[in-house]
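All remarks here apply to the structure that follows.
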Amino acid sequence: MVHAYTPGLKVVETALVRKQRRLPLAGEVLVKKGDKVKALDVVARTFLPGNVETVNVANKLGMPPEDIPKYMLLEKGAKVEEGQVIARMKQLFGLFTSKAASPVKGTVETVSDVTGQVIIREPPMAVSVTAYVDGEVVEVIGNEGVDVECVGTFVQGIFGIGGEAYGEMKTVASAARDVLGADDIGPECEGKVILGGSLATAAALKKAIEVGAVAVIAGGFHDRDLRSFLGFDLGVAITGHETLGVTLVVTEGFGEMPMAQATFELLTSREGMLASVNGATQIRAGVIRPEIIIPNPGKVVARVGSEEGDEANLEVGSRVRVIREPYFGKLGEVTSLPVELQVLDTEAKVRVLGVKFDDGGEDVIPRANVELIESGRD
């Protein structure tokens, strides 16, 4: 059978999901292999060095740098409070006093008689990593982190903003074509992962933040609303670090785009179940997809997050989504995979595929213009 490899967008009813939870630098792992963990359980922690503040003591006291040690009130390694005087010098028979104070709480790290400066390092910053999903620790990575596995529903989006969130699924839309507006979101959505339909409006996101919802899932989001909502141009960097108060996962694309019916029905069937959501997205090399993970025991039909099964196998009959114009966002089924290169209007020679669209019509388009919708059923 003719087949090819192409980027995949996974929508799986029951998958074995493996997530690596790693500290930014070595620290302490708090769990061991085989431990059962909840999504919000801290599995590892460390401390990042605090920021440094420089105090130009020589300048403040009006003295040569080499004289600083004589007038320091604290030695290297001493603890200091914000506003505490660290050096003092009396002048003109003791009638006047010059002094230098620390601008922050911290520790005296260096006292230089060359530059005349004192460096104060703020207290270390605690960093912890949670399990992210309800599951089992399957591997401990030295003193850096762990791998956690769970069995459950796994759905990838095409774009997202905001970091990791955790809460119960709550379906607000009654159909995949419904637009999610501010009026659809009420106090009952507090702490919930809200499932919308074809579009999440900027007003809906603001209302979600207002009522305390943790995440919003919808088919589309207007690109014109993105800058307004974020307050800046997103560019091409990785998302997921935004501190907006809510995480957004878009499953289809920009604009009003009905959520794929299979995706909508699958997520709707998980009403009231706990979901882990991450809006982190990277569309350049090393693609990162936003995701929804809902732990739910069942027969595993796919593996996610391990080397096994990471490449998507495109075949005749495969479900695909077009990711470039003129058919951007359309869903369809592969009808043919010609082996021969074909010449486009641009005169470029590329591999193509035949596709029959769900809303009618067929065409032959470049394989690079589609992504595979990988799905699995119990």
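The values are calculated or read from the model by the stated rules, or taken from the named source; none is laboratory data. Quick caveat, the model's predicted, so the values are computed rather than measured. Cβ: placed from backbone, ideal geometry, glycine included. Neighbour counts: every protein chain shown.
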Which count do you get for residues in region 319-353 that are among the hydrophobic types (A, V, I, L, M, F, W, C) and surrounded by 15 or more Cβ atoms within 10 Å (Cβ to Cβ)?
9
Considering only region 50-64, state which residues are buried (at least 17 other Cβ atoms within 10 Å of the Cβ), assigned to a loop (DSSP other than H, G, I, E, B) and modelled with pLDDT of 90 or more.
GLY50
If you check every pair at least six apart or on different chains, which have Cβ atoms under 9 Å apart with a residue in region 244-260 that is in contact (Cβ under 8 Å) with a residue 24 or more places away in the chain and aromatic (Phe, Trp, Tyr) first and a residue that is part of a strand (DSSP E or B) and crowded, with 24+ Cβ neighbours inside 10 Å second?
PHE254/GLY220; PHE254/PHE221
In this structure, does PHE47 turn out to be of a type in the set (A, V, I, L, M, F, W, C) and exposed (fewer than 13 other Cβ atoms within 10 Å of the Cβ)?
no
Evaluation of THR243 against (1) crowded, with 20+ Cβ neighbours inside 10 Å; (2) within 18 Å of the chain's Cα centre (by Cα) (one fails), failing number:
(1)
Residue check: is ASP67 more than 30 Å from PHE328 (Cα to Cα), in a helix (DSSP H, G or I) and charged (D, E, K, R)?
yes
When you scan region 93-111, do you find a residue that is under 16 Å from SER276 (Cβ atoms), surrounded by fewer than 21 Cβ atoms within 10 Å (Cβ to Cβ) and of a type in the set (Ser, Thr, Tyr), even just one?
no
Just to be sure I understand, how many residues within region 95-127 are of a type in the set (A, V, I, L, M, F, W, C) and either assigned to a loop (DSSP other than H, G, I, E, B) or closer than 16 Å to PHE47 by Cβ (or both)?
6
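Quick check on my filter: what residues within region 176-205 are among the aliphatic types (A, V, I, L, M) and without any contact (Cβ under 8 Å) to a residue 60 or more places away in the chain? Give the steps one after another, and end with the answer.
Initial filter on region 176-205 (among the aliphatic types (A, V, I, L, M)): 176, 179-180, 182, 185, 193-195, 199-200, 202-205.
Matches in region 176-205: LEU180, ALA182, ILE185, ILE194, LEU199, ALA200, ALA202, ALA203, ALA204, LEU205.
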Examine region 81-93 for a residue that is touching a residue at least 12 places away in the same chain (Cβ under 8 Å) and in a helix (DSSP H, G or I), and state whether such a residue exists.
no
Selection from region 314-362 of residues that are in contact with a strand residue (DSSP E or B) (Cβ under 8 Å, 6 or more places away or on another chain) and of a type in the set (Val, Ile, Thr):
VAL316, VAL320, VAL322, ILE323, VAL334, THR335, VAL343, VAL350, VAL352, VAL355
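Report those strands (runs of 3 or more DSSP E) wholly inside region 140-189 carrying at least 1 residues which are in contact with a Leu (Cβ under 8 Å, 6 or more places away or on another chain) and at pLDDT below 95.
Hits in region 140-189: 145-156, 159-161.
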Condition first: modelled with pLDDT of 85 or more, at positive phi and either surrounded by fewer than 17 Cβ atoms within 10 Å (Cβ to Cβ) or in a strand (DSSP E or B) (or both). Can you find one or more residues in region 193-210 that meet it?
no
Qualifying position, being crowded, with 18+ Cβ neighbours inside 10 Å, closer than 16 Å to ALA215 by Cα and small (Gly, Ala, Ser), among GLY167, GLY186, GLY152
GLY167
What about LYS33, is it out of contact with any strand residue (DSSP E or B) (no Cβ under 7 Å at 6 or more places or on another chain), of a type in the set (Lys, Arg) and either in the same structural domain as LEU267 (by TED's automatic domain parsing) or over 30 Å from VAL334 (Cβ atoms) (or both)?
no
Just to check your reading of the model, which residue among ALA26, ALA39 is surrounded by fewer than 20 Cβ atoms within 10 Å (Cβ to Cβ), in a loop (DSSP other than H, G, I, E, B) and either in contact with a strand residue (DSSP E or B) (Cβ under 9 Å, 6 or more places away or on another chain) or not charged (D, E, K, R) (or both)?
ALA26
